[in-house]
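The values are calculated or read from the model by the stated rules, or taken from the named source; none is laboratory data. Note that the structure is a prediction, hence the values are computed from the model and not measured. When we count neighbours, we look across all protein chains shown, and the Cβ atoms used for this are built from the backbone with ideal geometry, even at glycine.
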């Protein structure tokens, strides 16, 4: 070691071992074999999210089975023969009682005869009303078939006949006087079947469709509230059945038909048959997803989620009733959507105004 200040100092070189290239370094063979045997996380299957338990519309399923399933021939024979036998026995008993009353107390006997005659006239009147109501509904069905045939064949003469029948059907509806006058004045401007029937649909069916939509919304709201609030098992079924029958009868009244007690039940069966034929009665995932968030509603409240789905099924029944009772098919007017009807119905359930 020196302390000479004139000594020249150079750079210091430190040699470091150079690592081998990546290609040359290979792990031992036994380590490679162990790595291949171990599972790779990248090869693991994708974990699907657990689907929520969606509510089932048990109430509307029961209503559909009660109304839509037709009785067998043996059941019809049993019911008809039982009603005929009961009516016959009651009539014989009533006549025998009136006969003995006339012998003992003539004044009371003649009062009984008068009451029995009034009851008989009332029963015949109700039977005649049921017949006329079903005949009127058959007329609406015939108009609908003729309109479909006119559209399919583009026959202007058939379309004009359908228009004449529609004007005759609604000639006693004062709320449609202005619409009938516009259709009568402008029907000569149409030179093809589709234009004429579109004009008739716009003038006559648009206002009636709005009334029908309000009835469907009210029925959906009633069924949803009954399912969510009524704790009894069969009480909600009875409430839903009454709401659906009333809605179907109102559909017939709005579009020009009348349905009595027996006719209303037959009309309900016709609507349910239409639902089954078109496949719209299936309460699957498409219906639940229509009402936006059935799984979330089921998590919050099972009864409320089931009520919303029952309301959606009721809306489907209402749309089917519109298609059955409407004299014209949907041509230019939009077909009602279940989601919109249920949304507006539930909006009314929570107290929001229709304008909002």
Q. Among the listed residues 221, 250, 258, 213, which satisfies the condition of being in a helix (DSSP H, G or I) and over 14 Å from the mean Cα position of the chain (by Cα)?
A. 250
Q: Confirm whether residue 267 is more than 12 Å from the chain's Cα centre (by Cα) and modelled with pLDDT of 75 or more.
A: yes
Q.
For the condition modelled with pLDDT of 80 or more, assigned to a loop (DSSP other than H, G, I, E, B) and either surrounded by 15 or more Cβ atoms within 10 Å (Cβ to Cβ) or touching a strand residue (DSSP E or B) at 6+ places or on another chain (Cβ under 9 Å) (or both), what is the one hit in 327, 334?
A. 327
Q: Inspect the stretch 206-219 for any residue being free of Cβ contacts under 8 Å to residues at least 40 places away in the same chain, over 30 Å from residue 304 (Cβ atoms) and surrounded by 12 or more Cβ atoms within 10 Å (Cβ to Cβ) and give the result as yes or no.
A: yes
Q: Taking residue 151 as the residue in question, decide whether it is modelled with pLDDT of 90 or more, at negative phi, surrounded by 12 or more Cβ atoms within 10 Å (Cβ to Cβ) and in a helix (DSSP H, G or I).
A: no
